[in-house]
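Below is one structure, written out as structure tokens; the observations come after it.
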Amino acid sequence: MLSRLAVSSWVLAVTVAISAGSAAEHAVSLAPNRNVGDLTRVTAKLEVRGELKSLSKGQETKTPLTVVGDLRYDERVLAWGKQLSDASRSVRYFAQADAHIAVDGQTLPDRTLDEGKRLVVAQVAGRAASCFAPRDMFTRDDLDLVTLPGNTLAIDRLLPDAAIAVGETWKPAADAVTLLCDLDEADSVEVDGKLVDATEGEARCELSGKVEGRVDGVKTQLELTAKFTFDRVRGRISWLALSIKEQRAAGSISPGIEATSRLQLRIAPLDDSATLAPAQLAGVSLEATPASQMLFHRSAAGHFSLAHDRRWHAVTDDERVTVMRMLEDGELIAQVNITPLARQQSGKAITLEAFQADVEKVLGTSLAGIVKAGEKMNQHDYRVCRVEALGKVNALDIQWIYFHVADKDGRGVALAFTLDSKLAERFAGEDEALVASVQLADPTTQPAGASSDEPDEASAQRSILSPNRK
């Protein structure tokens with residue numbers, strides 16, 4: 001009995017050793033080989049089909065949504081970090097960036113990237129990704145247009161660190177999956193990769209699993225499946241097909257969504273790119289700065305434009321009012337309502353005292369007191385009146401900051417900022433920064449029902465903490 005057991009144990013040990021040796025001999029390395037100066041051409045097609053979800057009078061409303069995006073860009077690596085936590089950067093030139101969108105069966109105007117914004121610098125560090133146009137300022141729509149799942153500066157980080165055999169699985173890095181899905185944060189990542197097949201030239205892999213994370217502070221649940229081809233000669237992913245089924249809750253700046261996104265990426269090597277040649281990039285700063293991260297917004301009716309940092313999001317924009325909300329780390333900090341004013345005759349500008357009286361009238365019984373009021377001429381030679389007030393709404397302490405901005409030709413806008421008083425320290429100075437960027441213009445249409453002297457009462461009352469908020 002003991003001798004048989006000993007022999008059996010020896011046979012088993014030899015078998016395991018032989019199997020391990022055999023597996024090691026057939027292990028396939030999927031280590032990426034990315035270097036500064038690498039040049040590729042990327043073709044991407046994204047299709048999104050599903051429904052937007054919103055609440056109206058306590059009832060959930062579902063609105064059909066379809067998005068088809070086509071992008072093609074050349075990409076040159078500027079910096080490549082050894083680890084995902086190290087910053088990697090690239091410069092891209094978009095020969096094509098178009099999106100066709102239909103909501104509730106109505107086709108919206110096609111979106112395309114202007115020529116001056118086709119040169120784009122992209123950066124990835126950890127799970128954070130960003131991009132900017134060094135020659136011009138992005139709008140929010142521009143930024144959304146060039147921001148896709150499957151960031152080509154990050155997808156090779158999905159690959160396993162150690163060589164594996166066909167049929168074996170691995171756990172992709174959570175940060176790499178976060179970037180693959182274009183999430184701000186990932187709370188839970190349960191995704192497996194598998195090496196399906198391999199030849200001397202390429203390896204075919206699959207990904208599947210579930211992810212729970214956040215976009216703009218809103219929880220979202222994803223089910224993803226993907227197939228990709230790894231070019232073993234070049235040392236990088238050359239083709240990716242990604243499907244993401246998403247259920248996202250409604251948030252402060254957007255409705256909920258229940259949709260399936262399908263992305264196809266093709267990445268081919270390039271020997272040269274005329275649009276990314278040194279002569280084309282001469283004199284162009286490819287370094288990120290606070291100014292390069294700013295976004296441009298022009299009101300729907302053309303009454304004004306402004307520059308804002310990426311924490312501000314427009315949630316309403318029509319002839320009557322533009323509503324923007326500021327989010328920081330997913331938390332709603334403040335709201336501003338910007339109302340165009342009817343043009344005034346020369347010499348008929350509202351006085352600071354009259355503007356303060358209008359503010360007091362608008363706030364009514366919610367007002368506890370005026371903190372301060374003042375006026376000045378800004379860098380655009382606009383006259384700016386500012387009134388800061390405190391009060392209560394539904395037992396919450398609220399801070400309001402009102403501005404009246406007008407030029408010498410009688411054009412003007414009123415801005416009403418609203419925030420919870422406990423967030424005043426985090427918000428400090430943001431109102432002044434936004435107002436300083438306002439540029440007035442001749443409108444394409446006359447604002448409906450705009451007041452000539454005072455802040456629009458209805459829009460002023462649509463605060464982020466009011467039951468009537470927009």
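The values are calculated or read from the model by the stated rules, or taken from the named source; none is laboratory data. Everything numeric here is computed off the predicted structure, so don't read it as measured data. Reconstructed Cβ throughout: ideal geometry from the backbone, glycine too, with neighbour counts over all protein chains shown.
Can you tell me which residues in region 364-389 are under 21 Å from GLU432 (Cα atoms) and in contact with a Gly (Cβ under 6 Å, 6 or more places away or on another chain)? Listed by number, the list holds a single entry, ARG386. Does LEU179 qualify as being in the same structural domain as PHE94 (by TED's automatic domain parsing), among the aliphatic types (A, V, I, L, M), closer than 20 Å to ARG34 by Cβ and surrounded by fewer than 21 Cβ atoms within 10 Å (Cβ to Cβ)? When the stated conditions are applied, LEU179 does not pass them. Tell me, yes or no, whether region 193-207 has at least one residue that is at pLDDT 95 or above, over 30 Å from ASN337 (Cα atoms), assigned by TED's automatic domain parsing to the domain that holds LYS45 and under 18 Å from the mean Cα position of the chain (by Cα). Checked region 193-207: no residue is at pLDDT 95 or above, over 30 Å from ASN337 (Cα atoms), assigned by TED's automatic domain parsing to the domain that holds LYS45 and under 18 Å from the mean Cα position of the chain (by Cα). Residues of region 425-443 that are surrounded by fewer than 19 Cβ atoms within 10 Å (Cβ to Cβ), under 25 Å from the mean Cα position of the chain (by Cα) and of a type in the set (A, V, I, L, M): ALA428, ALA433, ALA436. Any idea which of (1) over 21 Å from THR43 (Cβ atoms); (2) polar (S, T, N, Q); (3) buried (at least 20 other Cβ atoms within 10 Å of the Cβ) is the one SER261 doesn't satisfy? Here SER261 clears every test but (1).
Checking each residue in region 218-235 for being assigned to a strand (DSSP E or B), β-branched (Val, Ile, Thr) and either out of contact with any strand residue (DSSP E or B) (no Cβ under 9 Å at 6 or more places or on another chain) or more than 21 Å from GLU190 (Cα to Cα) (or both) picks out only THR229. SER238 falls short on exactly one of the conditions (1) farther than 29 Å from SER54 by Cβ; (2) surrounded by fewer than 16 Cβ atoms within 10 Å (Cβ to Cβ), and that condition is (2). When the residues of region 89-115 are filtered to those that are of a type in the set (Gly, Ala, Ser) and at pLDDT 95 or above, the one that is nearest to LYS53 (Cα to Cα) is ALA102. Scanning for something at pLDDT 95 or above, out of contact with any Gly (no Cβ under 6 Å at 6 or more places or on another chain) and assigned to a loop (DSSP other than H, G, I, E, B), does region 321-338 turn up at least one residue? For region 321-338, residues at pLDDT 95 or above, out of contact with any Gly (no Cβ under 6 Å at 6 or more places or on another chain) and assigned to a loop (DSSP other than H, G, I, E, B): present.
Each residue in region 426-466 was checked for being among the acidic types (Asp, Glu) and modelled with pLDDT under 95, and 5 pass. The residue list VAL91, VAL67, VAL103 contains one member that is among the aliphatic types (A, V, I, L, M) and within 20 Å of ALA288 (Cα to Cα), which is VAL91.
Residues that are in contact (Cβ under 8 Å) with a residue 24 or more places away in the chain and within 15 Å of ALA414 (Cβ to Cβ) within region 361-377 comprise LYS361, VAL362, LEU363, listed in sequence order. Every condition in (1) surrounded by fewer than 20 Cβ atoms within 10 Å (Cβ to Cβ); (2) closer than 18 Å to LEU434 by Cα; (3) in contact (Cβ under 8 Å) with a residue 12 or more places away in the chain holds for HIS303 except the one numbered (1). Of the residues making up region 120-152, just one is at pLDDT below 95, assigned to a loop (DSSP other than H, G, I, E, B) and out of contact with any helix residue (DSSP H, G or I) (no Cβ under 6 Å at 6 or more places or on another chain), namely LEU148. Scanning region 386-441 for residues that are acidic (Asp, Glu), assigned to a strand (DSSP E or B) and out of contact with any helix residue (DSSP H, G or I) (no Cβ under 7 Å at 6 or more places or on another chain) gives GLU388, ASP420. Considered as a group, the residues in region 248-285 that are farther than 26 Å from GLY69 by Cα and among the aliphatic types (A, V, I, L, M) include one that is farthest from the chain's Cα centre (by Cα), and that residue is ALA279.
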